[in-house]
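Taking it in order: structure first as structure tokens, then the write-up.
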Amino acid sequence: MGQKNREGDERAVARWRDIVGPDAIAYDEATLAEVSRNTSAFPARRVVAVLRPSDPDQVARIVQVAREEKVPLHPYSTGLNWGLGSRLPVGDGCALLDLSAMNRIREVDTAGRYAIVEPGVTQLQLADHLAAHAPDLVANVTGSSPHSSVLGNLLERGTGFRRHRADEVRGLEVVLGTGQQLRTGLWAGTGTRQLHHYAHGIGPQLDGLFVQSNLGIVTAAVVDLLPRQEQLRLLMFTLSETALPGVVDAVRGLFLRGTLRSIVHIFNDKRILAMSDSDRVPTWTGAVAVDGTQEQVALAVADVKRTLAAEGATVRVIDTEDAGHPDADPITTAMFDVHTGRPTTAFLHGLYQSVPGKETPPDPDVLDGTTVGYLACMPVAAVDGRTVADLVAVIEKTCADHGLVPAIAVNPTGPDYLESVVNLYFDRTDPEQEEAARACNTELHRRLYEDGFRFYRVGVETMESLTGWDTAPWETIGLLKAALDPDGILSPGRYAPS
């Protein structure tokens with residue numbers, strides 16, 4: 001790094017310290033080394049400082065300094081983007097913008113069924129708030145840590161157990177790379193009436209520009225909430241791998257005729273064994289919730305049981321009493337909890353159990369500081385049995401070539417597409433395991449792409465490859481970047497050409 005860059009970094013740090021205060025900025029060697037630690041064993045980045053602003057105005061002022069001093073910023077919410085890079089930026093030389101101190105639930109509208117949340121609001125925080133103040137509403141939670149960010153997962157285009165998170169956006173509050181602050185949708189205007197009933201707003205809809213992008217820093221979002229229904233049943237089903245294509249086609253039919261409205265999750269045995277008390281489970285295990293009135297649920301349960309049984313699956317119906325029974329398997333309880341809007345640590349405990357000899361620490365959120373290794377590959381595919389069979393075959397063959405057994409989930413979100421999550425676990429103290437896992441992850445992305453599959457999320461180490469593939473109109477995205485972040489100071493290389 002040249003003298004000019006070092007001087008710019010030092011000036012920026014001094015000016016940022018004046019903005020956020022000395023307690024909300026760190027640039028000592030220990031802190032900078034700590035924030036680069038990650039469960040995926042990706043190489044550490046050179047980080048200038050870690051900033052912890054407390055409001056959108058501070059974020060805007062931080063961005064202005066970054067522009068003037070030419071020091072890039074990499075924002076994150078709570079930094080738990082495990083398997084894909086955690087808090088790491090794509091490249092060196094960034095200051096990290098830790099938004100976890102911006103953790104206000106600004107509003108919950110029970111009639112409008114939405115919440116306005118800042119980046120630091122966690123799944124658990126929102127769930128607890130709703131339980132205390134709006135018990136007729138529930139959040140769409142994920143299987144990640146209860147302390148992961150609602151907004152962070154949404155902006156990575158993550159998926160909850162009930163529906164796609166990005167579809168829940170009704171408006172965003174954003175700081176652009178120019179330092180300008182804006183709000184999207186009808187939130188951009190003012191008025192005496194509720195403004196969040198129509199997510200599209202007027203004119204070009206801008207929300208999508210800031211999901212999975214480096215065009216702005218989102219400081220708040222208006223997100224949908226789900227109404228709590230009269231009755232909910234969790235349907236868990238088991239099947240052999242040979243039955244998987246037929247079951248996927250049957251699930252598509254259940255969506256098309258309106259029986260299913262929640263995402264279906266289907267896991268292979270390695271994924272399930274990590275979360276179960278049993279040492280033997282069927283090859284694949286699925287779960288989906290049905291809810292509504294008692295009559296609606298009864299009809300849905302009957303249709304799902306009949307349809308999946310015809311394809312060789314065995315279906316079990318779980319109610320509140322089953323899930324809460326002292327002898328219930330942890331996965332049963334966890335699956336029921338998340339479908340009712342309660343985050344759980346069960347899936348995180350399962351991650352630790354996936355590496356032999358590793359124990360879950362008292363605080364499972366310290367994953368980045370442990371020796372448990374975890375990489376993720378996330379392809380997207382049509383809800384089509386033959387396509388899913390091909391997808392699983394590529395995954396299993398690639399992993400077998402590297403001596404690994406993948407934990408696979410295929411999750412139909414509706415009748416059109418499914419999201420797959422392929423987790424690779426390894427011991428970070430074993431160089432051979434780490435090398436095999438990282439090589440496998442790279443090869444898996446390449447082989448899937450060459451076989452016609454695409455991805456709905458990628459990690460920081462895959463960003464460069466991603467922008468070399470024909471997966472997005474990168475030239476047009478570059479034009480938007482030049483307009484909204486003319487100095488290129490927001491997360492260089494994140495879902496965009498470097």
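Below is a table of values for the structure above.
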read-out: On Cα atoms only, tilt of 56-69 relative to the major axis of the chain in degrees; value: 60
read-out: Theoretical ellipticity at 222 nm over the chain - DSSP helices of four or more residues, -39500 (n - 2.57) apiece, nearest 500; value: -10000 deg cm²/dmol
read-out: Surface/4 estimate of mean projected area, convex hull on alpha-carbon atoms of region 17-102, nm²; value: 5.3
read-out: Straight-distance crosslink candidates among lysines, where the alpha carbon sits under 26 Å from Lys70 and sequence neighbours closer than 8 are dropped; value: Lys4, Lys481
read-out: Assigned charges on the beta-carbon of Lys, Arg, Asp, Glu; the chain dipole about Cα centre (debye); value: 980
read-out: ³J(HN,Hα) computed for each position of region 296-309 - Karplus, 6.51 cos²θ - 1.76 cosθ + 1.60, integer Hz, glycine/proline x; value: 4, 5, 4, 5, 5, 4, 5, 5, 5, 4, 5, 5, 6, 4
read-out: Portion, in percent, of the accessible area of the chain that falls on carbon or sulfur, probe 1.4 Å; value: 49
read-out: Angle in degrees between helix 474-484 and the longest Cα principal axis of the chain, rounded to the nearest 10; value: 50
read-out: Cross-link partners of Lys270 among aspartates and glutamates (Cα-Cα below 20 Å; sequence separation of 8 or more within a chain); value: Glu241, Asp279, Asp329, Glu359, Asp390, Glu396, Asp401, Glu419, Asp427, Glu434
read-out: Dipole moment magnitude, nearest 20 debye, region 300-347 about Cα centre, only Lys, Arg, Asp, Glu C-beta charged; value: 160
read-out: Acute angle (nearest 10 degrees) that the helix 385-401 long axis makes with the longest principal axis of the chain, alpha-carbon atoms; value: 70
read-out: Unit charges on C-beta of K, R, D, E only; dipole of region 227-356, Debye; value: 380
read-out: Charge-dipole axis of region 7-103 as Lys and Arg at +1 and Asp and Glu at -1 on Cβ define it, positive-most pick from Pro53, Thr39, Leu96; value: Thr39
read-out: Where N is the number of residues in the chain, Cα Rg divided by 2.2 N^0.38 Å; value: 0.97
read-out: Leading residue at positive end of dipole, the chain (Cβ point charges), from Leu254, Val297, Trp187; value: Trp187
read-out: Arg261 versus Glu29: modelled label distance in nm, points set 7 Å from Cα along the beta carbon direction; value: 5.8
read-out: For region 405-498: Kirkwood Rh in Å [reciprocal of mean 1/r, alpha carbons]; value: 15.6
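The values are calculated or read from the model by the stated rules, or taken from the named source; none is laboratory data. Because the structure is predicted, anything quoted here is derived from the model rather than measured. Counting neighbours? That spans all protein chains shown, and the Cβs are built from the backbone with ideal geometry, glycine included. Ligands, DNA and RNA are excluded from the accessible area calculation, which covers all protein heavy atoms including side chains. Shrake-Rupley method; radii C 1.70, N 1.55, O 1.52, S 1.80 Å.
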